[in-house]
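A.B. asks: Handing you a structure now.
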Amino acid sequence: MVELAVDASRVASDLHVSIGRLVRRLRQGHVPGDLTLSEASVLSRLDTRGPATPSELASEERVRPQAMSTTLAGLEARGLVVRAGDPADGRRVLISATDAGRQLLVDRRGVKAARMAQALATGFTPAEQQQLAAVTPLLERLAATL
């Protein structure tokens, strides 16, 4: 099998443009009062990985601790996360998603997934849908390495 050379700079540029366009289109369905991208990302992390300290969240999200404090304050004010002392180390504070926060994620995922599923079903062949499904883990891996 012959492997073709790929221009990584060109692929990076094309991905940046395409993913940016996809994100903008998904945001067009944004409802006032809905989560910001930062809030959604933090809440999703807490939902999937469990409680974390504010500094751990800031590190994972690659933001400054002050920015994370602002994000967490907004989530906490809306009852979507809660702070509690770490039972293993009373000096640390753990942030956890509340039931309301988890339910909001389920609701958001349902609406956004339904929009995307409709677009996939009506605008893409089954083979194209399989190609998109196959690339998803690669996009996740790319996001983790940036």
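A.B. asks: Can you give the Rg to Rh ratio for the stretch 24-89, taking only C-alpha atoms and Rh from Kirkwood? Write down the numbers at each step before the final one.
C.D. replies: Numbers: Rg = 12.7 Å, Rh = 12.8 Å.
Looking at the stretch 24-89, the ratio lands at 1.00.
A.B. asks: Report, to the nearest 10°, how far helix 99-123 tilts away from the longest principal axis of the Cα atoms in the chain, using its own Cα long axis and a range of 0 to 90°.
C.D. replies: 10
A.B. asks: If a paramagnetic tag sat 7 Å from the Cα of residue 6 along the Cα-Cβ line, which residues of the stretch 95-138 would have the backbone N under 19 Å from that point?
C.D. replies: 128-138
A.B. asks: Okay, moving on. Grab the Cα-Cα distance for residue 22 and residue 139, subtract it from 0.36 nm times how many residues apart they are, and report the gain in nm with one decimal.
C.D. replies: On the way: separation 117, 0.36 × 117 = 42.12 nm, distance 1.32 nm.
Once the chain is fully extended between residue 22 and residue 139, it gains 40.8 nm.
A.B. asks: Continuing with the same structure: Report the net charge of residues surrounding residue 144, where surrounding means a beta-carbon distance below 14 angstrom and charges are Lys +1, Arg +1, Asp -1, Glu -1. Before the final figure, lay out the partial values.
C.D. replies: Numbers: positive: 45, 49, 62, 141; negative: 60, 61, 140.
Computed value for this residue: +1.
A.B. asks: What angle do you read, to the nearest 10 degrees and between 0 and 90, between the alpha-carbon axis of helix 8-27 and the longest principal axis of the chain?
C.D. replies: With both axes taken from Cα atoms, the answer is about 60 degrees.
A.B. asks: Excluding residue 73 itself, what net charge comes from residues whose Cβ is under 12 Å from its Cβ, given Lys and Arg +1 and Asp and Glu -1?
C.D. replies: Details: positive: 78, 83; negative: 39, 76.
Net charge in that neighbourhood comes out at 0.
A.B. asks: Based only on the alpha carbon positions, what is the Kirkwood hydrodynamic radius of the chain, in angstrom?
C.D. replies: Mean inverse Cα-Cα distance, inverted, gives 17.8 Å.
A.B. asks: Work out the FRET efficiency for residue 124 and residue 103 from their Cβ-Cβ distance, taking R0 = 41 Å, and round it to the nearest 0.05.
C.D. replies: Numbers: r = 30 Å, r/R0 = 0.74.
Rounded to the nearest 0.05, the efficiency is 0.85.
A.B. asks: Leaving out ligands and nucleic acids, and using a 1.4 Å probe, what accessible area per residue does the stretch 100-140 come to in Å²?
C.D. replies: 73
A.B. asks: Only four residue types carry charge here, +1 at the Cβ of Lys and Arg and -1 at the Cβ of Asp and Glu. Report the dipole size of the stretch 41-109 about the Cα centre in Debye, rounded to the nearest 20.
C.D. replies: Computed about the Cα centre, the dipole is about 140 debye.
A.B. asks: Using unit Cβ charges (K, R positive; D, E negative) and no other charged atoms, how large, in debye to the nearest 20, is the dipole of the stretch 40-79 about its Cα centre?
C.D. replies: It works out to roughly 80 debye.
A.B. asks: I would also like to ask the following. For the chain, with all protein chains present and a 1.4 Å probe, just round the carbon and sulfur fraction of the accessible area to a whole percent.
C.D. replies: 60
A.B. asks: I need the semi-axes of the equivalent ellipsoid of the stretch 64-123: take the C-alpha gyration tensor, multiply each eigenvalue by 5, square-root it, list largest first in whole angstrom.
C.D. replies: Those come to 33, 13, 10 Å.
A.B. asks: Go ahead and estimate [θ] at 222 nm for the chain from helices alone: -39,500 (n - 2.57) per DSSP H run with n ≥ 4, summed, over the residue count, rounded to 500. Working shown, then result.
C.D. replies: Details: 6 runs with 99 residues, N = 146.
Helices in the chain give a 222 nm mean residue ellipticity of -22500 deg cm²/dmol.
A.B. asks: According to the square roots a ≥ b ≥ c of the eigenvalues of the Cα gyration tensor, what is the shape class of the stretch 102-146, taking rounded for a/c under 1.5, prolate for a/b larger than b/c otherwise, and oblate for the remainder?
C.D. replies: Oblate shape, in that a/c is at least 1.5 and b/c is the bigger or equal ratio.
A.B. asks: Measure nothing fancy, just the Cα-based angle from helix 126-145's long axis to the longest principal axis of the chain, in degrees from 0 to 90, nearest 10.
C.D. replies: Helix 126-145 sits at roughly 50 degrees to that axis.
The values are calculated or read from the model by the stated rules, or taken from the named source; none is laboratory data. Here the structure is a predicted model, which is why all the values come from computation and not from measurement. Neighbour counts run over all protein chains shown; Cβ positions are idealised from the backbone, glycine included. Heavy atoms of the whole protein, side chains included, go into the accessibility calculation; ligands, DNA and RNA do not. Shrake-Rupley method; radii C 1.70, N 1.55, O 1.52, S 1.80 Å.
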